[in-house]
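To keep things clear, I will list the structure first and then write my remarks on it.
The values are calculated or read from the model by the stated rules, or taken from the named source; none is laboratory data. What you see is a predicted model, and the numbers here were worked out from it, not measured in a lab. Quick reminder, even Gly has a Cβ in these numbers, built from the backbone with ideal geometry, and neighbours come from all protein chains shown.
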Amino acid sequence: MYNTIVIGAGQAGLAVGYYLKQFNHLFLILDKSQEAGEVWDRRYDSLVLFTPRAFSSLPGLELIGDPQDFPTKDEISQYLKVYAESFNLPIKFNSNVTSVQKMNKTFSIYTEHMEYKAENIIIATGPFQKPRIPAFAKKLSKDIVQLHSSEYKNPSQLKEGNVLVVGGVYMVT
């Protein structure tokens, strides 16, 4: 039984873990990735943050480099690995949470392989976990290259010519 289970070992989950550790809280961070920063490794090649390093660090550990410069996705990926290791955060990787149930005052957190119990949970998975592709996309010509933003890495995936980018709508149904 944990005091708290944090679901997600991205920036928010790691920062919460930092503070929970400061208070000697019995906690565990669950993440479906194989290592910290893995999500950043999968993003498009030329990604650079739109906030400078001075405002992109997590608590307790500054990003290395010019504080006014903008870090790349690879720098952030590496930084998150170093962050998790520096504070020896209790992270259980390869733990895809499939459901959460509350019974009385206890949460049961189910992964594909195990059940965990906690008094509190923090969901730190971030938005847009599943691509939403409209049904009409299947009806478009097979000659049209369609990529969800989660699949895009670099321009070599595209055909010569014009590109149309569509999206950015968040809907709760």
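If you go through region 135-163 and pick out every residue that is of a type in the set (Phe, Trp, Tyr) and modelled with pLDDT of 85 or more, you end up with 1. Residue 73 passes every criterion in (1) surrounded by fewer than 16 Cβ atoms within 10 Å (Cβ to Cβ); (2) of a type in the set (Lys, Arg); (3) farther than 17 Å from residue 125 by Cβ apart from (1). For region 108-123, the count of residues that are touching a helix residue (DSSP H, G or I) at 6+ places or on another chain (Cβ under 7 Å) and over 30 Å from residue 159 (Cα atoms) is nonzero. Scanning region 97-112 for any residue that is of a type in the set (D, E, K, R) and surrounded by 12 or more Cβ atoms within 10 Å (Cβ to Cβ) turns up nothing.
Please go through region 1-41 and pick out each residue that is β-branched (Val, Ile, Thr) and either in contact with a Cys (Cβ under 9 Å, 6 or more places away or on another chain) or closer than 15 Å to residue 58 by Cα (or both).
As a first pass, look at region 1-41 and keep what is β-branched (Val, Ile, Thr): 4-7, 16, 29, 39.
Residue satisfying the conditions is 16 alone.
If I filter region 32-50 for residues that are in a loop (DSSP other than H, G, I, E, B), in contact (Cβ under 8 Å) with a residue 60 or more places away in the chain and in contact with a helix residue (DSSP H, G or I) (Cβ under 7 Å, 6 or more places away or on another chain), do I get at least one hit? Break it down into steps so the answer makes sense when it comes.
Residues of region 32-50 in a loop (DSSP other than H, G, I, E, B): 32-37, 42-47, 49-50.
Keeping just the survivors that are in contact (Cβ under 8 Å) with a residue 60 or more places away in the chain gives 32-34, 42, 44-46.
Still in the list and also in contact with a helix residue (DSSP H, G or I) (Cβ under 7 Å, 6 or more places away or on another chain): 33.
Checked against the condition, which is being in a loop (DSSP other than H, G, I, E, B), in contact (Cβ under 8 Å) with a residue 60 or more places away in the chain and in contact with a helix residue (DSSP H, G or I) (Cβ under 7 Å, 6 or more places away or on another chain), region 32-50 yields at least one hit.
Annotation: residue 28 fulfils all but one of (1) hydrophobic (A, V, I, L, M, F, W, C); (2) in a helix (DSSP H, G or I); (3) touching a Pro at 6+ places or on another chain (Cβ under 8 Å); the unmet one is (2).
Of the numbered conditions (1) in a loop (DSSP other than H, G, I, E, B); (2) buried (at least 16 other Cβ atoms within 10 Å of the Cβ); (3) within 17 Å of the chain's Cα centre (by Cα), residue 63 fails exactly one; give the number of that condition. Answer for residue 63: the failing condition is (3). Would a scan of region 20-27 turn up a residue that is in contact (Cβ under 8 Å) with a residue 60 or more places away in the chain, surrounded by 14 or more Cβ atoms within 10 Å (Cβ to Cβ) and aliphatic (A, V, I, L, M)? Among the residues of region 20-27, not one is in contact (Cβ under 8 Å) with a residue 60 or more places away in the chain, surrounded by 14 or more Cβ atoms within 10 Å (Cβ to Cβ) and aliphatic (A, V, I, L, M), which makes the answer no.
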